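Scroll down for the structure; my scribbles are underneath it.
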Amino acid sequence: MGSQLPYGPKELAAAPLEGAAFIALLKSEKQRKYPEPPPFLKSLIQGELSMDEIRMWVQDFYPYWNEGLVYATGAIYVKTNDEPLRTHMLRRMVDVEGEELVNDLVGWTTPAYEELWLRFGEGLSLDRAEIIDFQQFTRTYMSMRTLMTYSRFWDWTWLDGIATWYAADLQWKEHYPKVMAALKDTYGVSDDSLEFFRVLLEDVDSHITWEEEGLAYWACTTERQLTAARAFRERLDIEDQLLVALETARTAERLPFQTPV
């Protein structure tokens, strides 16, 4: 497992869980570790943010949708040697990078997540240059780089990678409908500007079932379940850490450190 410590005889002595029980375990771990949204999103949902703080979120998170998620998705895909799952993973990559990539084959026109995020920012009166040129907070940057590094190297196997996608999908499925509703009803963001959230949530719904099936089938040994569950928890931690600097920025006297130009 590269930098990850292997599990020893004591941890491996227990019998593996049945597939459905393992999925239930992952869901319970999510609720145990993060029963509520990250503080920044919780404040957004409750209508406590200013529009400038929401704009700052758009700016700070752009590299995640433009680079971090793209890289992490592709890095897991290239490790996979199970053909049915590779097909599902390839579809996920198309979702992230834009269904318009296959327009000549199937006529789809939905753009990449990063383009939809830029359009969301434009709906908040941000220029594209203000989003693209923003100096990302260093804590956000390092959290994103951790995701990219773990995905590329052998901290996470491809099965662990599916567990990390499942963790993120569960988080998005739980929190982003409330975020979208708050943006529309409390902050007055137009429906057209919220296309990012509709697309992401539709994609999440299309992936969760095969992620669960893949994890239930392939995490069939105690060691595979232990490493997948660890990766699942690590992704939850990363998704939480990605928002820490934004919460600090809105509550502290000065902005956190930002990456140099």
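Just a few scattered comments:
- Under the condition of being surrounded by fewer than 19 Cβ atoms within 10 Å (Cβ to Cβ) and within 12 Å of the chain's Cα centre (by Cα), the residues counted in the range 239-253 number 2.
- Being closer than 23 Å to S50 by Cα and touching a residue at least 60 places away in the same chain (Cβ under 8 Å) is a property that holds for P256.
- Where a residue in the range 202-223 is within 16 Å of T164 (Cβ to Cβ) and its partner, wherever it lies, is among the polar types (S, T, N, Q) and modelled with pLDDT of 95 or more, with Cβ under 6 Å and at least six apart: A219/Q225
Per-residue answers, yes or no, for (1) assigned to a helix (DSSP H, G or I); (2) at pLDDT 95 or above; (3) not basic (K, R):
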position	(1), (2), (3)
E29	yes, yes, yes
E53	yes, yes, yes
N66	yes, yes, yes
L105	yes, no, yes
T109	no, no, yes
F120	yes, yes, yes
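- Pair list, Cβ < 7 Å and 6+ apart or interchain, from the range 169-189 residues that are over 30 Å from I23 (Cβ atoms) to residues that are part of a helix (DSSP H, G or I): L183/L194; K184/L194; Y187/M51; Y187/I54; V189/G123; V189/L183
- Subset of the range 150-187 that is polar (S, T, N, Q) and under 16 Å from the mean Cα position of the chain (by Cα) - its residue that is farthest from Q4 (Cα to Cα): Q171
- Unmet criterion (only one of (1) in contact with a strand residue (DSSP E or B) (Cβ under 9 Å, 6 or more places away or on another chain); (2) among the polar types (S, T, N, Q); (3) surrounded by 17 or more Cβ atoms within 10 Å (Cβ to Cβ)) for Q171: (1)
- Residue within the range 197-209 that is at pLDDT 95 or above, farther than 29 Å from E122 by Cβ, surrounded by 19 or more Cβ atoms within 10 Å (Cβ to Cβ) and of a type in the set (S, T, Y) present: no
- Residues of the range 122-145 satisfying the condition of being part of a helix (DSSP H, G or I) and surrounded by 19 or more Cβ atoms within 10 Å (Cβ to Cβ): I131, R139, T140, Y141, S143, M144
- Among the residues making up the range 1-27, those that are closer than 15 Å to D160 by Cβ, part of a loop (DSSP other than H, G, I, E, B) and among the aliphatic types (A, V, I, L, M) are M1, L5.
- Within the range 3-23, residues that are closer than 15 Å to T227 by Cα reach partners that are of a type in the set (D, E, K, R) with beta carbons closer than 7 Å, at six or more positions or on different chains, in the pairs S3/D155; Q4/D155; Y7/E223; L12/E223; I23/E212.
The values are calculated or read from the model by the stated rules, or taken from the named source; none is laboratory data. Keep in mind that this is a model prediction, so the values were computed, not measured. Because the Cβ atoms are built from the backbone with ideal geometry, glycine has one as well, and the counts that use them run over all protein chains shown.
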